[in-house]
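> I have a structure here, written as structure tokens, and I will follow up with some questions on it.
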Amino acid sequence: MKEWKTWKIVLFVALCVCLNMGGKFIAVWLDLPLWFDSFGTALCAYIAGPVCGALVGVSGNLAYCMISRISAAYSITSITLGIIIGIAARRRWLDRFYGFMKTASLAVVSALVVSVTVNLIVAGGYTGNKWGDGVIDYLLDKGWPMFLCAVMGQLAIEFADKVLTITGVYLVIQIRKRKKELEGDDTPQTGMGKAAALILLSAGMALSVAGNALASEMPATYETDYNDYVQNVYSSNNGLPCGEANDIAQTNDGVLWIGTYAGLYRYNGREFHWIDEYESVKNVNCLFVDEEGRMWIGTNDNGLSIVIREKVVNVLDQSSGLPSNSVRCITQASDGCYYVGTTGSMQILEMNNGLKASNTLDEINYADSITADQDGHVAAVSSGGRLFLLKGGVIQDSLQLPDEHELYNCCDFAPDGTLMVGSSTNHIFCFDVSGDGLKQKNVISCRDVNSINNLNYLNDGTLFISTDSGVSYIDRGGYHRLNTNDFNNSIDNMLFDYQGNLWFTSSRLGLLRLAKSPFKDVYGSIGMERRVVNAIVAWKDCYYIGTDKGLDVVDGACRNQIENELTEELEGKRIRCMYVDGSDHLWVCTYGNGLMEYAPDGESWSYNADNGSFGNRARIVTGLSDGTILAAGDTGISYIKDHRITNTISNKDGLINSMILTITQQSDGTILAGTDGDGIAVLKDGEVVHMITRDDGLSSGVILRTIKDPKSEGVFIVTSNGLCYLEPDGEVRMLDGFPYFNNYDIWVKDEDTLFVMSSAGIYVVGRDDLVTGGDMAWELLDARRGLGTSLTANSWNYYNGKGELFLPCDTGVYIIDVDKYNSDVRSYRMQLASVRLDGVLQPLARKGAITVGQGVNRVELSPEILNYTIQEPNVGYILEGYDTQWTIVPQNSLNNIIYANLPAGDYVFRLAIFDSAGERVLEERNFDLVKEGEIYEQPYFIFYMLILLSVIIVWFTWLVVQRQLNQQQIKLNMANETVMAIARA
């Protein structure tokens, strides 16, 4: 080496560094269980000495810092290796096999000591090599301490790496030595240097080039009455902070998007999320979703943004050729071209190797409304009230109303191709465009509206009309006014979502949802003043509703409120109960004026304290089998026949000391009168024969209802704290199996089904289950199912015999269809909103499996149910291959799902909607999930580690034995020398 010139030494060192780097890149690329970055260090140390060897090692570590900064910390390991090889070369250890093994062992031990120390300081004990880290993870799972795990993991890498490195140098030395012996050359070191230079020049350059390359690689059949829909307004006080909405759209995945002056909102049926990550979208004028699912966002000052899968992929503004940065409307023609109306002019865009402008129509200035049909026609209305008809990007015709006080305002194509144009007053003009011109057919006048802002056709042909004064619609039944209550100002756009709900936007009031429900809100749909309702009956083809503030009457269709002499007479009076007898007379219990009887012809009778009845506070009235009327109040109970009181049982008699709340006549004529504290009074022949009290088995003395069992002579008893049952033999027992205690009433649907009214809602339960008291299956109809109010306690419902049960509530009257209440919504779109692996958000592909890499301990799934109905379904999920059973929760209780330490394997995450009983899957979506196995779980890893462990054991066993043999040989030689010395003496 001393004979080499300086440039040769520099070249040799540089080639050694390249050899280290190339080996390192190959090891990383192939995920080898070694470093492969020290052969150049060992070779240089052997030929040029420990200093040059250490210099090569440090240079390689520092160079690799460009990829991994932590590499510099391991320079100490490279320095140690260079020193050991240099010393071994000077002592000629590598000339013998035992010396080679001793050198390799020292290299392994020194690298192990230095690297483990560095690992514990900078990497938590981990090696940075997946094979070594696999050993550490495996031993940690077995409960080993971290220090021992770090030692064993590093040993698994260092032993193979250093032994192979020293073996490579040793083989080169032995091959060159044998060659020189054959040639008779006594200067192997010089020849060795030349050979090494040639090897390095070829191998080093090849490896460095390969390493650089690898480094670059690393890095309907019937008319729907929409007044029956349940209404919800979203504004600044319940989810939509800005309190206004300009437009609404739904993308193909089911997500709703609301455009406002405050920006864009994303709504999944559960929460509104303000989208602030779109730099180009700070306010929204209009939204449009094309056939391919792209969402086009027209802004007020930043042009047009195009969103695909919730990412902005393109922005068009004035700098890119858009006529104006304020976009007012967007549509797509049947030929695929996009028409964009701005405050400047209209631009036509086409997708042809990118989005390009094909034409600009300066004549159409400030287009506010635009629509397209299936025949290539496009219609637009400008802010000045001019109507334009276009085809193929060319204006075919235009019109303007002659009356300056009325302007064209909006437009939409009907399913039959007719162009419908709404005006600034209350007219809809119908045009035939089949001749590529505007030919007016007729005009529709819409009553009670002002300024038509939007026309929107549903798939069934229903036309919705959004105006400045509310909403109307036209179906096959004609024109209808939709009662939107206080949501009746500046309604600009509407949407029919995938579940059949209707959405309306108002630039002043926010967002209105109309949703289907098994419950019908009578007061809300008519627009009546909210009142606490106590009783309902049908009389004279109308429904009479007794409230805390008087009498309300609605027609038989529950569409209109009716005022008559009776409503005026009873105004302000609290009505507790009503009954219609066999003579079609209406009986009304008032709180303060006693009992009133009304004949259909208007004649009336009064029963109160003045004429010997039960008092002025009438609480209940009913009819007996013989036509006698039985009524009770604050002072007793009276029998009424032919408009006169025939008998009164007064509280003064001593048996009944509290107000009677309920009356039931049994088949034998016995009367059960439930009281407000004394239990049940049993009446026969106009007298109290005995009392049923808590001593007889009642759970309470307050009896709210007694209801005859449809299958036997028994009686269901609703008390203030539970349910009881009166057996035909007179025995009373509690029905402890029922899940709720604050109950009001029981309505018998049929022999097998009971509706239990309670403060929690309506429990639907089987009659046999309730009576026997075993495992009880029940269904709760509450706010989750559309009952958006509370039932009135101690009230009287009414069944009209047509499947409709009228429910007295604290906000009016609700009607439930007892035959169709369980018609579940069967259309739900489900998705995973996000997936996080060890807290890191992962991009989701539209198709394909979710891949969980090796070393990932925590998988967090965020399921999203895009449900906009008023019903809150039961959602179930299960990870097949891991979970043993479904987890079923109400939708509002569905949160992020976390799986920790998943074993390797293929899984299926199933997300499903269950029926109300949680037993039947209504809709389901599956997501494949693949957990890549930890390396220590792989057969090849186990095989390699077993082989490596065997080699280590054999290696160090042979080394120890050979050392002992060498020591014995030394002692034997010394003994022989001693003997020879004595002999020579």
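Quick note: the coordinates plus some simple rules give every number you see, no bench work behind them. Just so you know, these numbers come straight off a predicted model, no measurement behind them. Don't worry about glycine lacking a Cβ; one is built from the backbone with ideal geometry, like all the others, and counts go over all protein chains shown.
> Sort V954, V172, V307 by Cβ crowding within 10 Å, fewest neighbours at the top.
Ranked by crowding around the Cβ, least crowded first: V954, V172, V307.
> Right, next: For I746, enumerate residues with amide H under 5 Å from its amide H, sequence gap 5+ or separate chain, H modeled in the peptide plane.
M757
> Once the dipole of the chain is set up with Lys and Arg at +1 and Asp and Glu at -1 on Cβ about the Cα centre, which of L514, F147, L438 lies farthest towards its positive end?
So the residue furthest toward the plus end is F147.
> Okay, next question. Starting from the amide H of W35, placed 1.01 Å from N in the peptide plane, find each other amide H under 5 Å away whose residue is 5 or more places distant or on another chain.
Hits under the 5 Å cutoff: D161.
> Measuring from centroid to centroid over Cα atoms, what is the spacing of the range 571-635 and the range 926-985 in Å?
Taking the Cα centre of the range 926-985 as reference, the centre of the range 571-635 is 108 Å away.
> Moving to a separate point now. Residue by residue through the range 862-872, which ³J(HN,Hα) values in whole Hz follow from phi under the Karplus form 6.51 cos²θ - 1.76 cosθ + 1.60 (θ = phi - 60°), with glycine and proline marked x?
Result, ordered by residue: 10, x, 9, 9, 8, 10, 10, 7, 7, 7, 9 Hz.
> Let me ask you something else. Neighbour counts of other C-beta atoms within 10 Å: give me M420, M980 arranged from fewest to most.
M980, M420
> Another question, then. Got a sec to turn the phi values of the range 273-281 into Karplus ³J(HN,Hα) couplings, 6.51 cos²θ - 1.76 cosθ + 1.60 with θ = phi - 60°, whole Hz, x for Gly and Pro?
10, 6, 8, 9, 8, 8, 5, 8, 10
> Same structure, new question: Just from its helices, what would the mean residue ellipticity at 222 nm be for the chain, if runs of 4 or more DSSP H residues each count -39500 (n - 2.57) and the sum is divided by every residue, rounded to the nearest 500 deg cm²/dmol?
-8000 deg cm²/dmol
> Would you work out which of L902, G385, T418 lies farthest towards the positive end of the dipole of the chain, given +1 charges on the beta-carbon of Lys and Arg and -1 on that of Asp and Glu, about the Cα centre?
Result: L902, furthest along the dipole toward the positive end.
> Separate question: Hey, can you grab everything whose amide H is under 5 Å from the amide H of C809? Only 5+ residues off in sequence or another chain; H modelled, so Pro and N-termini drop out.
Those lying under 5 Å, H to H, from C809 are V533, T792, Y814.
> Now a separate question. Based on the Cα atoms of the chain, what semi-axes does the equivalent ellipsoid have, where each is the square root of 5 times one gyration tensor eigenvalue, given in whole Å with the largest first?
Result for the chain: semi-axes of 87, 46, 18 Å.
> Restricting to DSSP loop positions (anything but H, G, I, E, B) with no more than 11 other Cβ atoms inside 10 Å of their own Cβ, which trypsin sites (Lys or Arg not before Pro) remain in the range 814-919? Write down the numbers at each step before the final one.
On the way: sites: K820, R826, R829, R836, R846, K847, R858, R910; in loops: K820, R826, R846, K847.
Those satisfying the criteria are K820, R826, R846, K847.
> For T811, what charge total do you get from the other residues with a beta carbon under 14 Å from its beta carbon, if Lys and Arg give +1 and Asp and Glu give -1?
Working: positive: K520, R530, R531, K549; negative: D521, E529, D548, D552, D810.
Every neighbour counted, the sum reads -1.
> Using the structure shown, select from K549/K749; K102/K130; K684/K708 the pairs with a Cα to Cα distance greater than 22 angstrom.
K549/K749; K102/K130
> Suppose every Lys and Arg Cβ carries +1 and every Asp and Glu Cβ carries -1, with no other charges. What dipole size does the range 233-522 come out with about its Cα centre, to the nearest 20 debye?
500 debye
> Using Cα pairs under 8 angstrom and six or more residues apart, how large is the relative contact order of the range 115-157, in percent?
44 percent
> Label the range 233-522 by shape, choosing from rounded, prolate and oblate, from the square roots a ≥ b ≥ c of the eigenvalues of the Cα gyration tensor; if a/c is under 1.5 it is rounded, and otherwise prolate applies when a/b is larger than b/c, oblate when it is not.
oblate
> Report the relative contact order of the range 829-934, percent, no decimals, based on alpha-carbon pairs under 8 angstrom and at least 6 residues apart.
30 percent
> Towards the positive end of the charge dipole of the chain, with charges on Cβ (+1 Lys, Arg; -1 Asp, Glu), say which of L683, I297, Q174 has the farthest Cα.
Of L683, I297, Q174, it is Q174.
> For the chain, what is the charge dipole size about the Cα centre, in debye to the nearest 20, if Lys and Arg each add +1 at the Cβ and Asp and Glu each add -1 at the Cβ?
Its charge dipole is roughly 7980 debye.
> Which ³J(HN,Hα) values in Hz, rounded to whole numbers, follow from the phi angles of the range 966-980 under the Karplus curve 6.51 cos²θ - 1.76 cosθ + 1.60, where θ = phi - 60° and Gly and Pro get x?
4, 5, 5, 5, 5, 4, 5, 5, 5, 5, 5, 5, 5, 5, 5
> Multiplying the sequence separation of F741 and R920 by 0.36 nm and subtracting their Cα-Cα distance, what value in nm do you get?
61.6 nm
> Continuing with the same structure: So which GluC sites (Glu not before Pro) in the range 497-588 are both in a DSSP loop and have at most 14 other Cβ atoms within 10 Å of their Cβ? Can you show the working numbers first?
Working: sites: E529, E563, E565, E568, E569, E571; in loops: E529, E563, E571.
Sites meeting the loop and neighbour criteria: E529, E563, E571.
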